[in-house]
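*Asks:* To start, I am sharing the structure in question, which I have written as structure tokens.
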Amino acid sequence: MLLTAEHLLNYQRCQRRAFLDQRGDLAFRSPPSDFLRKLLEDSALHRREKLSDLTWQSPVYAKGDWQAGAAATQALMGQGVERIFQGVLIVPPEEPEDMALAGIVDLLEKRPGRSDFGDWVYVPIEVKLGKRPKLEYQIVAAFYTQLLAGFQGAWPEEAWLVLREAGLYEVDLWQRVPQMQTVLAGLQETLRASEVPEVFISRSRCSLCHWYGHCYEVAHETNHLSLLPGVTPTRYAALQELGLTSVESLATATPKSLEGIPGFGEMNAHRLIRQARATVLGQAIPYQTITPAQVPTAPVELYFDIEAEPDLELAFLHGVLVVNRVTGEETFYPLLAEQPDQEAIIWQQFLDLVHRYPQSPIFHFCAYEVQTAHRLGQRYGTPPPVIEALVARFVDLHDLVTNSVTLPVESYALKLIARWLGFRWRDQGVDGAQAIIWYNRWRETGDHTYLDAIVRYNEDDCRATYVVKDWLVRECLNQTECQEASG
Ligand code: SF4
């Protein structure tokens, strides 16, 4: 068994993941999602591109045979080649109960110095798709210096990251090596433990993890506090110290009892307890009145949702559902750029469409639509007064919901709110990331079914937004108490 740089990286994100990756039952692991596959492909492509101006050699060995990879790398280092692409490093453990340490470095570059191989040493260079030199990357780079110290008999004095936008970044090894050794010791201790670390669902961290399905099930079965919006790992630790270990106990707590939590504040204390109560009751709890001016009802209303490909900085679909409350007609307009160079055309189509209904409010969910309207207006020379008049018609329902009602949901995303209200998407398990994958597949293959699936998904998002708006008006407008949702 090897303890690899990947384990160290994952341990910094989640201790449980490091444990499960080494000792978990593989039957509970999910295959990588399309989105994760795309990320890995993008990362590999980015690495190749960044290193394309350099010449290098790489060790030749049977895939997965780490020992053979290390032997081939050692041979290249012994020959003193200038650069080694994806060299394999393995060093035996210091303590017999520990595992051997190993890693595959993006690039090893030769420098003058003194090592077991001769008058040279190798330094590690890691290529990252990220824009910033995240601490977790720096810790991994420092880990490679420790591996190199064992592998070549000399500590490298440099380690570098190559970042997407910032370019070359030198890791401060005086600072990072001791930190890395602390992290490594923690990882070794976690892997020696008999118990798997406690689950903690954090959507940003867990959504790309192959243990998510399994961990979510565990969290759901135990009604884990991490499923409550607003419970961060830091707050969770503080709540545990206060003996508030379940949603039920939190629901009966007083805001004053949470005042000891650092940086928490009175407002957050009220909000979190209200969230626990809504969850226990399975019922919405209003706390701020919504007025008709905030959530207007008009003869014709527009529901708007954008699909975008961030890597191309492209808004490729403006979906608009036009709801005529007088006639009962509902018409969906998918304004789609089949190719990226059609973005200007669909932007103009969107402006023409919304100008046909100059008095209609435009409902959307989250700030992205407003930001994109500003960006597209600038990009395509739309006069600022036109953009200002357009944006003045926008109504952000996410903002309204989160500032007026507490719902028994695990997150205030459109999917979860609309689902709680009983709305169902026609296709299960689709999200914005999947729409991006489908758009890229359409461009690669020309298969129109990908575009059809995106349009269907986008229309459902617009219809879900419509359901949320109607519920807000029906149940919460000028009401002192929201009713339990039928869904
Ligand atoms: S799903 Fe989340 S809690 Fe579970 S192992 Fe992955 S990152 Fe950790």
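*Asks:* Could you tell me whether the range 43-65 includes any residue that is hydrophobic (A, V, I, L, M, F, W, C), buried (at least 19 other Cβ atoms within 10 Å of the Cβ) and part of a helix (DSSP H, G or I)?
*Replies:* Checked against the condition, which is being hydrophobic (A, V, I, L, M, F, W, C), buried (at least 19 other Cβ atoms within 10 Å of the Cβ) and part of a helix (DSSP H, G or I), the range 43-65 yields no hits at all.
*Asks:* Would you pick out the residues in the range 212-239 that are part of a loop (DSSP other than H, G, I, E, B), free of Cβ contacts under 8 Å to residues at least 60 places away in the same chain and under 20 Å from the mean Cα position of the chain (by Cα)?
*Replies:* Those that are part of a loop (DSSP other than H, G, I, E, B), free of Cβ contacts under 8 Å to residues at least 60 places away in the same chain and under 20 Å from the mean Cα position of the chain (by Cα): Gly230, Val231, Thr232.
*Asks:* Condition first: modelled with pLDDT of 95 or more, touching a Lys or Arg at 6+ places or on another chain (Cβ under 9 Å) and not basic (Lys, Arg). Now tell me which residues in the range 87-119 satisfy that.
*Replies:* The answer is Asp106, Leu107, Leu108, Glu109.
*Asks:* So, in the range 369-409, how many residues would count as being of a type in the set (D, E, K, R), surrounded by fewer than 19 Cβ atoms within 10 Å (Cβ to Cβ) and in a helix (DSSP H, G or I)?
*Replies:* Filtering the range 369-409 for residues of a type in the set (D, E, K, R) gives 369, 375, 379, 388, 393, 396, 399.
Among the residues that remain, those that are also surrounded by fewer than 19 Cβ atoms within 10 Å (Cβ to Cβ) are: 375, 379, 388, 393, 396, 399.
This time we only want the ones that are in a helix (DSSP H, G or I), so: 375, 379, 388, 399.
Number of matching residues: 4.
*Asks:* To continue, here is another question. Regarding Ala269, is this residue within 27 Å of the chain's Cα centre (by Cα), more than 16 Å from the ligand (Cβ to nearest atom) and under 18 Å from Ser411 (Cα atoms)?
*Replies:* On the way: within 27 Å of the chain's Cα centre (by Cα): yes; more than 16 Å from the ligand (Cβ to nearest atom): yes; under 18 Å from Ser411 (Cα atoms): yes.
It is true that Ala269 is within 27 Å of the chain's Cα centre (by Cα), more than 16 Å from the ligand (Cβ to nearest atom) and under 18 Å from Ser411 (Cα atoms).
*Asks:* Being in contact with a Ser or Thr (Cβ under 9 Å, 6 or more places away or on another chain) and under 30 Å from Asp34 (Cβ atoms) is true for just one of Tyr450, Tyr412, Tyr439. Which residue is that?
*Replies:* Working: Tyr450 fails: in contact with a Ser or Thr (Cβ under 9 Å, 6 or more places away or on another chain); Tyr439 fails: in contact with a Ser or Thr (Cβ under 9 Å, 6 or more places away or on another chain).
Just a single option satisfies the conditions, and that option is Tyr412.
*Asks:* List the strands (runs of 3 or more DSSP E) inside the range 87-192, counting only whole elements, that have at least 3 residues being in the same structural domain as Lys50 (by TED's automatic domain parsing) and surrounded by 13 or more Cβ atoms within 10 Å (Cβ to Cβ).
*Replies:* 100-115, 118-127, 160-163
Rundown of residues vs (1) β-branched (Val, Ile, Thr); (2) assigned by TED's automatic domain parsing to the domain that holds Tyr457; (3) in contact with an Asp or Glu (Cβ under 9 Å, 6 or more places away or on another chain), yes/no style:
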site	(1), (2), (3)
Glu329	no, yes, no
Gln339	no, yes, no
Ile345	yes, yes, no
Gln348	no, yes, no
Leu351	no, yes, no
Val354	yes, yes, no
His364	no, yes, yes
Val370	yes, yes, yes
Arg379	no, yes, yes
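*Asks:* Quick check on my filter: what residues within the range 253-289 are within 17 Å of Asp399 (Cα to Cα), assigned to a loop (DSSP other than H, G, I, E, B) and in contact with a Cys (Cβ under 9 Å, 6 or more places away or on another chain)?
*Replies:* Listed by number, the residues that qualify are Ala284, Thr289.
*Asks:* Would you call Ser30 within 27 Å of Val196 (Cα to Cα) and of a type in the set (Gly, Ala, Ser)? First the steps, then the outcome.
*Replies:* On the way: within 27 Å of Val196 (Cα to Cα): yes; of a type in the set (Gly, Ala, Ser): yes.
Taking the combined requirement at face value, the residue satisfies it.
*Asks:* Answer with yes or no whether Leu244 is surrounded by 19 or more Cβ atoms within 10 Å (Cβ to Cβ), aliphatic (A, V, I, L, M), in contact with a helix residue (DSSP H, G or I) (Cβ under 7 Å, 6 or more places away or on another chain) and without any contact (Cβ under 8 Å) to a residue 24 or more places away in the chain.
*Replies:* Against the criterion (surrounded by 19 or more Cβ atoms within 10 Å (Cβ to Cβ), aliphatic (A, V, I, L, M), in contact with a helix residue (DSSP H, G or I) (Cβ under 7 Å, 6 or more places away or on another chain) and without any contact (Cβ under 8 Å) to a residue 24 or more places away in the chain), Leu244 qualifies.
*Asks:* With respect to Leu239, is the statement that it is more than 16 Å from the ligand (Cβ to nearest atom), crowded, with 19+ Cβ neighbours inside 10 Å and outside the structural domain of Val405 (by TED's automatic domain parsing) true?
*Replies:* Yes: the conditions hold for Leu239.
*Asks:* Out of the residues in the range 199-236 that are loosely packed, with under 14 Cβ neighbours inside 10 Å and farther than 23 Å from Thr406 by Cα, which is farthest from the ligand (Cβ to nearest atom)?
*Replies:* Residue satisfying both the conditions and the ranking: Glu217.
*Asks:* Please determine whether any residue of the range 10-23 is away from the ligand (no atom under 16 Å from the Cβ) and either within 18 Å of His210 (Cα to Cα) or over 19 Å from the mean Cα position of the chain (by Cα) (or both).
*Replies:* No, every residue in the range 10-23 fails to be away from the ligand (no atom under 16 Å from the Cβ) and either within 18 Å of His210 (Cα to Cα) or over 19 Å from the mean Cα position of the chain (by Cα) (or both).
*Asks:* For the structure I just gave you, tell me whether Leu250 is among the aliphatic types (A, V, I, L, M), more than 17 Å from Asp21 (Cβ to Cβ), at pLDDT 90 or above and not in a helix (DSSP H, G or I). If you could, list the steps in order and put the result at the bottom.
*Replies:* Values: among the aliphatic types (A, V, I, L, M): yes; more than 17 Å from Asp21 (Cβ to Cβ): yes; at pLDDT 90 or above: yes; not in a helix (DSSP H, G or I): no.
Considered against the rule, which asks whether it is among the aliphatic types (A, V, I, L, M), more than 17 Å from Asp21 (Cβ to Cβ), at pLDDT 90 or above and not in a helix (DSSP H, G or I), Leu250 comes out as no.
The values are calculated or read from the model by the stated rules, or taken from the named source; none is laboratory data. In this text, all values refer to a predicted model and were calculated from it rather than measured experimentally. Cβ sites come from the backbone with ideal geometry, for glycine too, and all protein chains shown count toward neighbours.
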